[in-house]
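Mind having a look at this structure? Questions to follow.
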Amino acid sequence: GEPPALEITFNNEVFYIMGRYAYTATGTALTEDRDFGAGIYATDAIVHNNELIVCFGGATNKIQKRDTSGTWTTATDAVYADHFTHVENRLWRATNTNEVSNCGPTDNPFTLTVWGSGITVGDDDIGITDLNAYGQQLAVSKGEGLFFGDAEAKFPNSFPQLEDAPDALNGRGTVVNGADLYYPHVGGMFLYNRGNVDEVGLHTTFRH
């Protein structure tokens with residue numbers, strides 16, 4: 001699918017990360033701040049250690065970051081990511097299609113050795129479509145369901161009904177709002193709230 005358009009505030013500026021470009025916004029005007037390069041499309045961005053970190057998915061284009069002075073740099077170490085999120089003060093990334101790993105609050109994410117070992121989540125043939133923090137848990141959206149990490153780094157599937165019909169679009173754009181987690185899937189949208197799961201959307205709200 002198309003790469004996401006991301007809005008993120010960093011260093012008291014609003015950034016729009018869209019495709020191969022990062023823009024800053026002043027009023028209604030957009031100014032190009034970074035051209036990541038032909039064929040290089042951002043898949044996620046996050047602020048960590050007072051730097052803007054951008055990833056590009058796969059294992060071809062290393063993560064990049066921007067500091068508060070406006071300088072962009074690219075990782076030298078082989079650090080890649082598909083998605084980012086913070087859980088409490090740790091930075092989590094999705095990599096290798098189906099794995100998650102994290103680094104500490106003051107670690108430099110450009111340094112490969114600060115990242116913990118990768119943890120495979122769910123079916124190792126199905127990709128991760130989003131990462132979110134749900135309270136103190138990591139919520140991993142995948143094509144075959146939604147997985148919450150526990151203290152033993154186990155990730156049970158909260159939506160096992162999707163396992164028989166996984167789809168690469170399931171879970172893309174998952175949103176957390178307090179105790180509510182909205183998980184889009186090809187048939188509609190699930191609302192997860194503290195273990196309770198409901199199907200939501202126009203097709204369920206309006207019935208004859």
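What residues of the stretch 66-100 lie in the reach of a label at Asp124, counting those whose backbone N is under 12 Å from a point 7 Å from the Cα along Cα→Cβ?
Answer for the stretch 66-100: 98-99.
Can you check what the Kirkwood hydrodynamic radius comes to for the stretch 88-208, Cα pairs only, in Å to one decimal?
Averaging 1/r across every pair of different Cα atoms and inverting gives 15.0 Å.
While we're here: Hey, any idea what the orientation-averaged projected area of the convex hull of the chain's Cα atoms comes to, in nm²?
For the chain, averaging the hull's shadow over all directions gives 13.2 nm².
For the chain, which whole percent of the accessible surface, found with a 1.4 angstrom probe, sits on carbon and sulfur atoms?
Carbon and sulfur: 47 percent of the exposed surface of the chain.
Oh, and also: At what distance in angstrom do the alpha carbon centres of the stretch 20-65 and the stretch 143-186 lie from each other?
26 Å
Rounded to the nearest 0.05, what FRET efficiency is calculated for Glu13 and Asn193 with R0 set to 35 Å and r the Cβ-Cβ distance?
For Glu13 and Asn193, the calculated efficiency is 0.55.
Here's something else I'd like to know. Report the extension gain between Leu6 and Ser117 in nm, rounded to one decimal, defined as 0.36 nm multiplied by the number of residues separating them, less their alpha carbon distance.
The Leu6-Ser117 span can extend by a further 37.2 nm.
Run the simple label-point estimate for Asn177 and Glu152 please: 7 Å along Cα→C-beta, distance reported in nm.
Modelled inter-label distance: 3.5 nm.
Could you tell me the relative contact order of the chain? Use alpha-carbon pairs under 8 Å, at least six residues apart, and round to a whole percent.
Relative contact order for the chain comes out at 9 percent.
Another question about this same structure. More than 19 angstrom separation, counting every C-alpha pair in the stretch 119-180; what % is that?
23 percent
Given R₀ = 45 Å, FRET efficiency for Asn89-Asp35 by Cβ-Cβ distance, to 0.05?
With R0 = 45 Å, the Cβ-Cβ based efficiency is 0.90.
Further question on the same structure: May I ask you to give the solvent-accessible area per residue for the chain, in square angstrom, as obtained with a 1.4 angstrom probe?
51 Å²
The values are calculated or read from the model by the stated rules, or taken from the named source; none is laboratory data. Only a predicted model underlies this, so the values are computations on that prediction, with no experimental measurement involved. Note that we place each Cβ from the backbone using ideal geometry, even for glycine, and neighbour counts take in every protein chain shown. Please note that ligands, DNA and RNA were not included when accessible areas were found on the heavy atoms of the full protein model with its side chains. Shrake-Rupley method; radii C 1.70, N 1.55, O 1.52, S 1.80 Å.
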